[in-house]
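Step one of this worksheet: look at the structure below.
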Amino acid sequence: MTSFFGASVQRVEDDRLLRGLGAYLDDLGDDALAAAFVRSPHAHARITDIDVSGALDVDGLVAIYTFEDLPGRLAEPLPLLIPHPSLTHGRTPYPLAAGEVNHVGEPVVMVVARDRYLAEDAAGQIEVSYQPLPAVVGLAAARAAQHLVHDDVPGNLAGNAVQENGDARAAISAAPHVLELDFEIERSASTPLEGRGVLARWDGQAQRMRIWTSTQTSTGVRAAVAAKLGLALADVDVITPDVGGGFGVKIVHPWPEEVLVPWAARLLGQPVKFTEDRREHFIASAHERAQQHHVRVGFDDGGRILGLDVRFWHDNGAYIPYGLIVPIVTSTQLLGPYKPGAYRVEFDSLYTNTVIVTPYRGAGRPQGAFVMERTMDAIAAALRLDRAVVRERNFIQPGEMPYDQGLIFQDGRPLIYDSGDYPALLAKLKELIGWDQFAAYQQAARAQGRRVGIGLGCYVEGTGVGPYEGGHVVVETSGKVKVATGLTTQGQGHQTVFAQLVADELGVPLADVQIVTGDTRRFGYAVGTFASRAAVMSGSAIALAARKARAKALRVAAEAMEVSADDLEIVDGIVQVKGDPASGIALGTVAVLSNPLRYAFDDAAQAATQFAGGDASRPPVAEGEEPGIEGRAFFSPARSTFASGMHAAIVETDPDTAEVTILRYCVVHDCGRLINPRIVEGQIHGGVAQGVAGALYERMAYDDAGQLQNASFMDFLMPYVSEVPARIEIGHQQTPSPLNPLGIKGAGEAGVIPGAAVLAAAIEDAEGFPVTSMPMSPSDLFELRRTHKDTP
Amino acid sequence: MSGGEELHEVRLTVNGAAYQVRVPARRLLSDCIRHDLGLTGTHVGCEHGVCGACTILLDGDPVRSCLMLAVSADGAQITTVEGLAEPDGTLSPVQQAFADCHGLQCGFCTPGFLTTITAGLRATPDPGEQQAREMVGGNLCRCTGYHNIVASVLRAAQIQRERAARRP
Amino acid sequence: MKPPPLRYSRPTSLAEALAVLASLGPGGKVLAGGQSLLPLLSMRLAAPDHLVDINRLADLAYVRVDGGQVRVGALARHAQVLADLPARTAQPLLAKALRFVAHAAIRNRGTTVGSIVHADPAGEMPAVLALLAGTVRVASQGGERVVPASEFFLGPLEPAVRTAELATEICFPVLPRAAGTGFAEVSRRQGDYAVCGVAAMVQLGDDGRIAAARAAYLSVGPSPLVIDLTEAVTAAPAGGPGFAAAAELARQHVDPEPDIHATAAYRRHLAGVLTERALAEAAGEAREPGTP
């Protein structure tokens, strides 16, 4: 029987979605009242008055709420999700502003009305008076701290953290060569096509809350809402509907709306729904990527890094609910596949009067990769060495695995790479892109007046971050298999990929397996979908759960068939003696037999009733056993598992218009074993598109007053098909992970991580001057050319 | 429904079925289709006409339903994603192609692509790769990087040809 | 983002439309394609009292070539103009520019007259009208007037259409014999507003050399800028390197503003680069008519 593991099976989710039968948040709750918000138009201000009188006679208005209306724990700041000893001045927002606003878009007043049109009408009639305060915008202003975002946070410093391995400063002092470099990356954002949304129904009779929310963590939302509303966990259900993309932004919870909407639903005794619009998504969700880095690196004549000292400043926006995760990821993942002699990294996470910063696909790795890879290129340039050769000399070798970088990773655990073969990966990439042949091509192009350049970038990605995930597998009496895991899905094909695992483990047809994710009613212990962890964590847990179910099924079948369980196999849902299909009984029948009955509810169930057979001397349910064919398992690894990859690109820059065209884009990646190769490739395509977009098109354009000037798709340049490479050439390598039963590593974020690094390198190679900040628009390139006019 | 505002009669034929609704003038066609007619397959991604998720066929031509008022569409023949499958339920060539080519991930932008490509292939039944790219040039997708969407256009053309050849 | 409350009329004849507009005064706003107006309504950046939907005025949905003009009625969609073979043949610049207008779905609904009345200096069609020195027919209950392009664009988003008036037709002069057009644009993404765009026309003399040249510029000023490049072009030596002098003239004349997408210097630089490209295309077409 062929295995589903490793097969590019078509997705089971597609039929429904293709017919327009998806159920995304706004498709639900047609009977619900609609919520809208009055949001701050100022980046920093004190609220001096809120006059709602003009809204009161808007037809269809149901309620208006301000901070003054919030009771108990709702009148406290939203939770600081990930505390850290270095996060000394963590500040989170109130669900509705309590006298002060700290970014354009911060919610001040909540309006509930019969529909969204009327809610917006009412919101438009509410007059909020503000006393504007000086706005802190951008890292320079945050660092200078001439003005403060929060009065009680000196220097706008949320936290400062240092990690080191060895004495980098001493190593640099002693090094034959030293370079000092500065880099800058600007803000971008996840911008999924579907914004945020939450729907809440309060059952007054049962005193239970049911919430649907477009989230990456149903259990996270449940816990937070229960805490804020004083409800028991068991009295709150959170269901994740179909989600139109997340890319990190939907891991943040609880959004103000996620606590306010359920609260209002309970107060009003009617369902309430909030569907974010696009402008709100730009100014009231989350951004990421803005950092400034200062690097000192000491290296030898061969380009080996003896000491690397990185100091950086991270813009975390007006509040910091997600803690220091992004800069911690930058700090640790910056090292990539390399082993510098000594490493020191220090960062300041700073407040600004802008939208909060939380993980966006890559979650700090793109910044780290940019810095490390540009540094490698700078070393190569200084020594006039081939850029690939310099990297090769710095690689951790396969024989050195597992490799301890001597730092603490974002999961609070040691940064130890479990497996990987970086030299082989680079060799594959060089062959794929034609690295060694490029110089000749570049010469020929130059002779024709063309500017072409090549760049490469390497990364390592810690995936499958803990603490755990779980899986529950149930074989029903029909023979169908119902599986649940608590984390969520935003398009990654979990319904298919997890079904592949179960079909393999249990020996059932793929079509008989149904997967449910992100529903606390079905599985209540979970963390969430982020950090490329779902396949590793839930995949492993589900596989383990399926193995338990299988073992149980074989035990029950063995007893019924009076054979040893070792002699049995399951093929296409039939439990049979190995190689003897005629002997088999359906898995569904085994499920019937596993639940000793007094009452048969249908014909098939008669086989399990008390006069149908069995050993009358033993208890119907053996000690330590349970009725039914179920398996429940959790997977909780000691550490993350490290995927890796390398990208290369050839670009052409227009000498006149400074437009950048990507001629080729190559990816080699290693995420261990692949469950569904086509789904993994799809993830890479999407990630590369975001990497290219972040390098050439996307940035959040704040003015000095803290106004976001491009809060729409018209001016925030999400790429169309015309802006992304037509062809992405992908090579694979598989170094299995020793840390989980499936040998897999995460693949969700890989495509985006080195994009900016690779394109900066290629543009630099084409133009002949350093590129140290991204993104780079044609206008930026034109201005850089003017600055470097003297460079031949 | 918004009260106190004047309501206008709007007659729409959507996926071959006749509908009659009474809506305020400002009701966007996208909201009318989704909430007044209950056809939630058409999605709203931006409400300023850039993303294309709301694209429907108006008298056969792709238009942004978020950039139209429902009242303006009075009397029109509209096709949404729910109307693309064959009468017997078989997925249309475009829908089947997306399944074959892994052309969707989260599925949110997909209905806008499906309607756009359905009309595109009517006009250009045998597109080359560049034409396929142009056909989908006005729709945003955040998940797929477009690679498999372009492949789906070409595959859809192929399926269309195959089905036409098989017809008696 | 939902529009504010508004009233709505949908006249079925031009006379009725003009009468409604007259009665509404400044509170009335014409709704044609709606591709520019709807986002403004949804973002609540515009809140007209009363929309006058002219989409039933089917008589205005024409594209005709007659009297030396390509005549485009108020309800002709961009897609219709783009697809009209006689129009494209008579004035190739129309199709060249229209291809850059947004995306197909927008062009299926948006009207060419509407986009010109919208008077966005970053729009392609206002520049085309200005270059070709076309005219806009503006009707009201009181009568009709014809406004030349040179008087039509008063400022950004400010057309010479008054309260209660409706632009019913735009006339683009056909391409004369031995003339050619070119259009070049740089935008950030395909279909976006131009960072800089140039529409150019050249006229060959009887000797086959360029006798006249001019260009119109998008996104480099508050309204489309037309520059006579004749001297700069004709001064160049015969068969010489071409349009460098014209590019320099363009750079001197444009007065672009910086924004989040581009610096003023870059836009100015592009004005020069794209002048050369558009002129080269125009000269090529003039010498070999029908060249794409």
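The values are calculated or read from the model by the stated rules, or taken from the named source; none is laboratory data. Note that this is a predicted model, so its numbers are computed, not measured. Here Cβ is always computed from backbone atoms with ideal geometry, including for glycine, and neighbour counts include all displayed protein chains.
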Quick check on the stretch C:1-18: of everything there that is small (Gly, Ala, Ser) and buried (at least 16 other Cβ atoms within 10 Å of the Cβ), which residue is nearest to the other protein chains (Cβ to nearest Cβ)? C:Ser9
Which ranges mark the strands (runs of 3 or more DSSP E) fully within the stretch C:129-207 that have 3 or more residues being modelled with pLDDT of 95 or more and closer than 23 Å to C:Arg64 by Cβ? C:135-140, C:143-148, C:166-173, C:179-187
Failed item in (1) modelled with pLDDT of 95 or more; (2) assigned to a loop (DSSP other than H, G, I, E, B); (3) in contact with a helix residue (DSSP H, G or I) (Cβ under 9 Å, 6 or more places away or on another chain), with C:Pro121 passing the rest: (1)
Pick from the stretch B:82-123 the residues that are part of a helix (DSSP H, G or I) and of a type in the set (Gly, Ala, Ser): which of them is nearest to B:Ile56 (Cα to Cα)? B:Gly112
Selection count where residues are more than 18 Å from B:Ala53 (Cα to Cα) and part of a loop (DSSP other than H, G, I, E, B), scope the stretch B:124-157: 5
Looking only at the stretch A:204-248, how many residues end up being assigned to a helix (DSSP H, G or I), crowded, with 24+ Cβ neighbours inside 10 Å and hydrophobic (A, V, I, L, M, F, W, C)? 2
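Conditions (1) of a type in the set (Phe, Trp, Tyr); (2) in contact with a helix residue (DSSP H, G or I) (Cβ under 8 Å, 6 or more places away or on another chain); (3) outside any loop (DSSP other than H, G, I, E, B); (4) at positive phi, marked per residue:
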position: A:Cys666; (1), (2), (3), (4): no, yes, yes, no
position: A:Arg678; (1), (2), (3), (4): no, no, yes, no
position: A:Gly691; (1), (2), (3), (4): no, yes, yes, no
position: A:Gly694; (1), (2), (3), (4): no, yes, yes, no
position: A:Ser722; (1), (2), (3), (4): no, yes, yes, no
position: A:Ala747; (1), (2), (3), (4): no, yes, no, no
Which residues, taken from the stretch C:124-158, are closer than 24 Å to C:Gly68 by Cβ, touching a helix residue (DSSP H, G or I) at 6+ places or on another chain (Cβ under 9 Å) and not aliphatic (A, V, I, L, M)? C:Glu124, C:Pro126, C:Gly134, C:Thr135, C:Ser150, C:Phe152, C:Phe153
Across the stretch A:571-598, what is the total count of residues that are without any contact (Cβ under 8 Å) to a residue 24 or more places away in the chain and out of contact with any helix residue (DSSP H, G or I) (no Cβ under 8 Å at 6 or more places or on another chain)? 7
Scanning the stretch B:30-57 residue by residue, those touching a helix residue (DSSP H, G or I) at 6+ places or on another chain (Cβ under 7 Å) and of a type in the set (A, V, I, L, M) turn out to be B:Ile33, B:Leu39, B:Val44, B:Ala53, B:Ile56, B:Leu57
Which condition does B:Ala123 not pass, out of (1) out of contact with any Asp or Glu (no Cβ under 7 Å at 6 or more places or on another chain); (2) within 12 Å of chain A (Cβ to nearest Cβ); (3) hydrophobic (A, V, I, L, M, F, W, C), if it passes all the others? (2)
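Would you mind finding the one in C:Gly221, C:Gly242 that is outside any strand (DSSP E or B) and over 30 Å from A:Asn710 (Cβ atoms)?
None of the other options fit; the residue is C:Gly242.
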In the set B:Leu67, B:Leu84, B:Leu104, B:Leu91, which member is closer than 21 Å to A:Gly682 by Cα and either surrounded by fewer than 24 Cβ atoms within 10 Å (Cβ to Cβ) or free of Cβ contacts under 8 Å to residues at least 60 places away in the same chain (or both)? B:Leu104
So which of A:Val483, A:Val452, A:Val460, A:Val473 ends up being part of a strand (DSSP E or B), over 30 Å from A:Glu400 (Cβ atoms) and touching a Gly at 6+ places or on another chain (Cβ under 6 Å)? A:Val473
Failed criterion for A:Met718 (all others in (1) buried (at least 22 other Cβ atoms within 10 Å of the Cβ); (2) outside any loop (DSSP other than H, G, I, E, B); (3) of a type outside the set (Phe, Trp, Tyr); (4) within 10 Å of chain B (Cβ to nearest Cβ) hold): (2)
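If a residue has to be among the aliphatic types (A, V, I, L, M) and surrounded by 21 or more Cβ atoms within 10 Å (Cβ to Cβ) to count, how many in the stretch C:38-61 make the cut?
Qualifying residue count, the stretch C:38-61: 7.
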Qualifying strands (runs of 3 or more DSSP E) (wholly inside the stretch A:517-619; at least 2 residues being more than 30 Å from A:Thr240 (Cβ to Cβ) and of a type outside the set (A, V, I, L, M)): A:580-586
List pairs: first in the stretch A:295-310 and at positive phi, second at pLDDT 95 or above and in a loop (DSSP other than H, G, I, E, B), Cβ under 7 Å, 6+ apart or cross-chain? A:Gly303/A:Leu385
For the stretch A:258-277 the number of residues that are surrounded by 24 or more Cβ atoms within 10 Å (Cβ to Cβ) and among the charged types (D, E, K, R) is 2
Return yes or no: is A:Thr589 within 14 Å of chain C (Cβ to nearest Cβ) and surrounded by 18 or more Cβ atoms within 10 Å (Cβ to Cβ)? no
Looking at C:Asp66, C:Asp84, which one is surrounded by fewer than 21 Cβ atoms within 10 Å (Cβ to Cβ) and in contact (Cβ under 8 Å) with a residue 12 or more places away in the chain? C:Asp84
Do we have A:Arg413 as buried (at least 23 other Cβ atoms within 10 Å of the Cβ) and charged (D, E, K, R) here? no
Restrict the check to the stretch A:627-644 and report whether at least one residue is part of a strand (DSSP E or B), closer than 30 Å to C:Ala265 by Cα and modelled with pLDDT of 95 or more. no
